[in-house]
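Novice: This is the structure, below, for whatever I ask next.
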Amino acid sequence: MKTLAREFNWSLCAAALIIASNARAAIQDVSIAGFSFQPPSVSINTGDSVRWTEMDGAFHSSTSDDGLWDSGSLPFQGQFTFQFTASGDFPYHCTPHPFMTGSISVTAGANQPPSVTITNPADNAVFGNTDSVAVRTSATDADGSVTNVQFFNGNVSLRNITNAPFNFTGTAIAGSFTLGTNTLIAVAADNLGAKATSAPVRVVISRYLPPIPTGNIAISLLAVATNMSAPDYGISPRGDKTRLFVLEQNGLIRVIQNGVLLPTPALDIQGRVQPPLNVGNPNDERGLLGLAFHPGYTNSASPGYRTLYTYNSEQIPAATSPTYPVPTAATNNYKNVLNEWKISSTNAGVIDPTSRREVISFGKNAGNHNGGTCAFGPDGYLYLALGDGGDANDVGASHISPGGNAQNLSTPLGKFLRFDPLSPSLTTGSGDAVSTNGQYRIPSGNPFQAAGQAPEIYAYGLRNPYRFCFDPVTGDLIHADVGQNNVEEIDRLILGGNYGWAIKEGDFLFNMTNGPAGPQGTIGTPPGHRSPGAPAGLIDPISGPQGTLEYDHNEGISITGGFVYRGTAIPALYGKYIFGDLALKTAPVRADGRLFYADLQAGTLATFPLPQFGGNPVLPNGVTVHGFAQDDDGELYALVTNTSANGTGGIVYKILAPGHLTIKLIGNNVDITWPVAGGRLQSQTNGLNGTWVTVPNSTTTNHVVAPIGPANTSVYYRLAFP
């Protein structure tokens, strides 16, 4: 009797243990004995389980009629357990003995919510705005399944992921995070509708460099040409006050004559640049990129008379090779070429398409980092800037390893080149050596002419020197180098200089490969591994007493170099370097370019306020800044687009001083014009101590005719902007 009581009490304890340990999901036992299921019918809740135990030694099974479960043949005292996550009636049978049947009735019970935790990044982790932030979670559900996890930055939804693993990778520059502290949470939902929210994780997006302030020099933009594709560079021949030649990336050279875009292009080489250029891809960096007029262009006694040069991408004809193939065994997929042309002898606005002579060419494997500018320096030589070969980090199929192309003097990639592009047959009195292809001469003063070195090199250590210019007053060569992931920079180039890529990005140490200092392509967690002046022998961006001419990717993603302003229309800009940045946004498409000016002596940067657009420095309609143009008077133009090279979103904006009024007296009326619409014409009568009054109908135009009141002895006008 004591034994029976002891066994009974133990059974109660065991039952209590089962119930306690499964408070959220009960287990119902069914015995298979006497060739029957006992009990034959069971009622449970969703999330509960049924456990069958074989007691006959007849290898019975528990098999769902609809195939939901099948235990297979069970040995004596063998067990099988199945959890029911959905409500309904579930008949079943024994496969070896089909006369044995049973049923499970499942009712929707109290659902337990899932559990979700953000496991990465750590709370208060710090990143730059281009760094990849790997967001990882652990999401589980004890009585069902997790169907989705939605991620929020504060109240803003970032992602809704419906399949495990519930992870994603985001960046600030693509919109997942913003500058400063971001509060990241994850909300998990299960198959029965219950939800759970994770503890918040703070993600800090920080700067590497100070923000660029809005400057105190405002400009207005006058659209002198519209409906272009992707204009990217423009220049006037020396002494030509009427024509501005503007490149379109798609292969057209257009002419703006006396402020009007001519309908017929000066040159059409679309068939030469397409392919390799994919005109439908707004991010394709190939195409028609550079234009330079020979210094002797207007001098009939010069061998450079009526001569100009383009720099563009082309296919490689069969059975030919570029002057400089890629420096590895990688495939030469296309080439970038400096071509010589002659202007028509009968029309100074037309380039003779039959006059082309290939001067020098460079094989390319990757589609990016092509450089772009060609320009004659004060010494009369042509300067040409080449990117490092493309891909990223100066590594890849067409990059010399170790060390990359930019630091290796055996290849012209990642370099500034200097040479005389005229045919040597026209310069027989020159002491400069003729190139190996016989098409140009190499200046004797070039610094790298030892065996194994590319003798055309003038300076090295560049990543993607897309745009550069010569200051016509000082002769300085000012260059804007497009950065990798974090820093854009402005340099003053000198003969033989090493500008640091890919050892440095700006004046920060750069991780060319994965290593102890950080992942490949990075400069360290903000504030980063800044190292001005070191290592020795590398030239950092231009600096002055007030700063350094570099900025991080909170201010833009790709610097677009321009010109040193030496015009007369905006005296406050004289001697300043005018440039832009392609875009502030990268997603869903690149958009929101801006214009800047730099003080080359003080080392300061500033954005241009644009009064006609409400003072906002961001250009309208999502346009990106692809280049600049300079006419013979030294006045500048911004070249922008919001379409790819096959679109019509391209605009040439002339940069003007805002608010300049032109007033003419016509009879009893005053005819007043100003450069662009967007301001408010205001007037005062008989003195400047009264109230300025907005002239009716002046806010949407740039031309007003106003009558002169007979009672007024004087009228004052001004242009006000919002």
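Novice: For segment 37-46, check the following and say yes or no: at least one residue is closer than 30 Å to F166 by Cβ and surrounded by fewer than 16 Cβ atoms within 10 Å (Cβ to Cβ).
Specialist: no
Novice: Considering only segment 175-187, how many residues are surrounded by 15 or more Cβ atoms within 10 Å (Cβ to Cβ) and either within 23 Å of the chain's Cα centre (by Cα) or over 12 Å from R159 (Cα atoms) (or both)?
Specialist: 5
Novice: Which is within 30 Å of the chain's Cα centre (by Cα) and part of a loop (DSSP other than H, G, I, E, B), of T346, T331, T320?
Specialist: T331
Novice: If we only count strands (runs of 3 or more DSSP E) wholly inside segment 623-693, which ones have 2 or more residues that are surrounded by fewer than 18 Cβ atoms within 10 Å (Cβ to Cβ) and more than 39 Å from the chain's Cα centre (by Cα)?
Specialist: 662-666, 669-673, 680-685
Novice: Being more than 60 Å from the chain's Cα centre (by Cα) and either surrounded by 13 or more Cβ atoms within 10 Å (Cβ to Cβ) or not in a loop (DSSP other than H, G, I, E, B) (or both) is the filter here, so list the residues in segment 67-78 that pass it.
Specialist: S73, L74, G78 - these are the residues of segment 67-78 that are more than 60 Å from the chain's Cα centre (by Cα) and either surrounded by 13 or more Cβ atoms within 10 Å (Cβ to Cβ) or not in a loop (DSSP other than H, G, I, E, B) (or both).
Novice: Exactly one of these conditions fails for S157: (1) of a type in the set (G, A, S); (2) in a loop (DSSP other than H, G, I, E, B); (3) under 27 Å from the mean Cα position of the chain (by Cα). Give me its number.
Specialist: Single failed check for S157: (2).
Novice: From the list T81, T117, T107, which residue is among the hydroxyl-bearing types (S, T, Y), at pLDDT below 95 and within 58 Å of the chain's Cα centre (by Cα)?
Specialist: Step by step, each of T81, T117, T107 is checked, and only T107 is among the hydroxyl-bearing types (S, T, Y), at pLDDT below 95 and within 58 Å of the chain's Cα centre (by Cα).
Novice: Which condition breaks for R136 when tested against (1) buried (at least 16 other Cβ atoms within 10 Å of the Cβ); (2) without any contact (Cβ under 8 Å) to a residue 60 or more places away in the chain; (3) out of contact with any Pro (no Cβ under 7 Å at 6 or more places or on another chain); (4) within 30 Å of N182 (Cα to Cα)?
Specialist: R136 satisfies every listed condition except (1).
Novice: I've got another one for you. Does segment 253-264 hold any residues that are touching a Gly at 6+ places or on another chain (Cβ under 9 Å) and not in a strand (DSSP E or B), and which are they?
Specialist: Within segment 253-264, L262, T264 meet the criteria.
The values are calculated or read from the model by the stated rules, or taken from the named source; none is laboratory data. Note that this is a predicted model, so its numbers are computed, not measured. Ideal geometry is used to build each Cβ from the backbone, glycine not excepted, and the neighbour counts take in all protein chains shown.
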